[in-house]
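Remarks on the structure that follows.
The values are calculated or read from the model by the stated rules, or taken from the named source; none is laboratory data. Since the model is a prediction, treat every value here as computed from it, not as a measurement. Here the Cβ positions follow ideal geometry from the backbone for every residue, glycine too, while neighbour counts run over all protein chains shown. Note: accessible area is taken over every heavy atom of the protein model, side chains too, but ligands, DNA and RNA are not part of it. Shrake-Rupley method; radii C 1.70, N 1.55, O 1.52, S 1.80 Å.
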Amino acid sequence: MLPRDLTKDLKDRLNSIKGQVVGIIKMLDESNDPAQILNQFKAINKGFEKTQQLLLDEVFRKTLAMKISEALEACPGNCGQEERIAIIKNQFPDLGLYELTDKMQEIDKIYEFLLTKKESMKEISLTIDNMVCQGCAENISDILKQTNGVEDVNTKAMKKLVNIKFSPTETNEKELIAILTKAGYQPKVKL
């Protein structure tokens, strides 16, 4: 929904253009000077351009800014889309009239990808009896964060518990357990 003041401004501009079109029709009926008619066409084109610019700047630029913000929130830094988001964010201030809609479509695709990826994430909780201190917890966290597909790791040393959020298309429970076992830990799936 467009803000009322923007809608009023757009309607006023379009009514002005409508008056100019009626003026050109009268000029054509009266066989006026072609140069004056051409000037009126230029004025109409300029009016349309300014109206479009107002709509794009007011609506699309704000929407794109919000979408960039949403994509940044959905991508905590290891989502695989950081570079594309950063490029759009850096281009944002200089985007022209028609580039805005293209970038909105691009950021929409990125955001949809991130949401789909987030929804397809799987979680596993492991107990690790030989995780006896905070140093162990940090080491386990570091090992898991270096594993492809691991999105988030939360360790609780006192409870001997680690929660792992991962992409099942990139890794699986057996692989995560094997990685921790190879590092000298004794993980078991918490039921």
Unpartnered Cys in the chain, judged by a 4.7 Å Cβ-Cβ cut-off, are Cys133, Cys136
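Compute the length gained on full extension between Lys109 and Glu82: take 0.36 nm times their separation in residues and subtract their Cα-Cα distance, giving the result in nm to one decimal.
Residue separation times 0.36 nm, minus the Cα-Cα distance, leaves 8.4 nm.
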Given backbone amide H placed at 1.01 Å from N, residues whose amide H is under 5 Å from that of Glu151, ignoring those fewer than 5 places away on the same chain, are Lys165, Phe166, Ser167
Only four residue types carry charge here, +1 at the Cβ of Lys and Arg and -1 at the Cβ of Asp and Glu. Report the dipole size of segment 78-153 about the Cα centre in Debye, rounded to the nearest 20. 60 debye
Unit charges on C-beta of K, R, D, E only; dipole of segment 54-191, Debye: 740 debye
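Grab the Cα-Cα distance for Lys18 and Glu123, subtract it from 0.36 nm times how many residues apart they are, and report the gain in nm with one decimal.
Answer, rounded to one decimal: 31.8 nm.
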Per-residue [θ]222 nm for the chain (sum of -39500 (n - 2.57) over DSSP H runs n ≥ 4, rounded to 500): -20000 deg cm²/dmol
Any chance you could look up the accessible area of Ser120 with a 1.4 Å probe, heavy atoms only, rounded to 10 Å²? 60 Å²
For the chain, take the longest principal axis of its alpha carbons; what is the angle in degrees between that and the long axis of helix 99-119, to the nearest 10 within 0 to 90? 20 degrees
Solvent-accessible ranking of Glu99, Glu82, largest area first, probe 1.4 Å: Glu99, Glu82
Could you sort Ile44, Ile143 by accessible area so the largest value comes first, with the probe set to 1.4 Å? Ile143, Ile44
By accessible area of protein heavy atoms, probe 1.4 Å, what ranking do Glu170, Glu112 get, highest first? Glu112, Glu170
Charges only on Cβ, +1 for Lys and Arg, -1 for Asp and Glu: so what's the dipole of segment 31-113 about the Cα centre, in debye to the nearest 20? 260 debye
Per principal axis, largest first, the Cα atoms of the chain extend in Å by 95, 28, 24
In whole percent, and with a 1.4 Å probe on the protein chains, what portion of the accessible area of segment 116-157 is carbon and sulfur? 39 percent
I need the phi-derived Karplus couplings for segment 125-135: 6.51 cos²θ - 1.76 cosθ + 1.60, θ = phi - 60°, integer Hz, Gly and Pro marked x. 10, 10, 9, 10, 4, 8, 8, 9, 8, 5, x
Hey, what angle do you get for helix 173-182 against the long axis of the chain, alpha-carbon based, 0 to 90 degrees rounded to 10? 50 degrees
Out of the chymotrypsin sites (Phe, Trp or Tyr not before Pro) in segment 32-105, which ones are loop residues according to DSSP with at most 14 other C-beta atoms within 10 Å? Tyr98
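What ranking do 13-26, 145-158 get when scored by the average of other Cβ atoms within 10 Å per residue, highest first?
Result, highest mean first: 145-158, 13-26.
Going through the cross-link list Lys42/Lys89; Lys67/Lys190; Lys122/Lys156; Lys50/Lys89; Lys159/Lys182, which pairs have a Cα-Cα distance over 27 Å in this structure?
Violating the 27 Å limit, Cα to Cα: Lys42/Lys89; Lys67/Lys190.
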Using the Cα gyration tensor of segment 136-191, with a ≥ b ≥ c the square roots of its eigenvalues, what is the shape: rounded (a/c below 1.5), prolate (a/b larger than b/c) or oblate (neither)? rounded
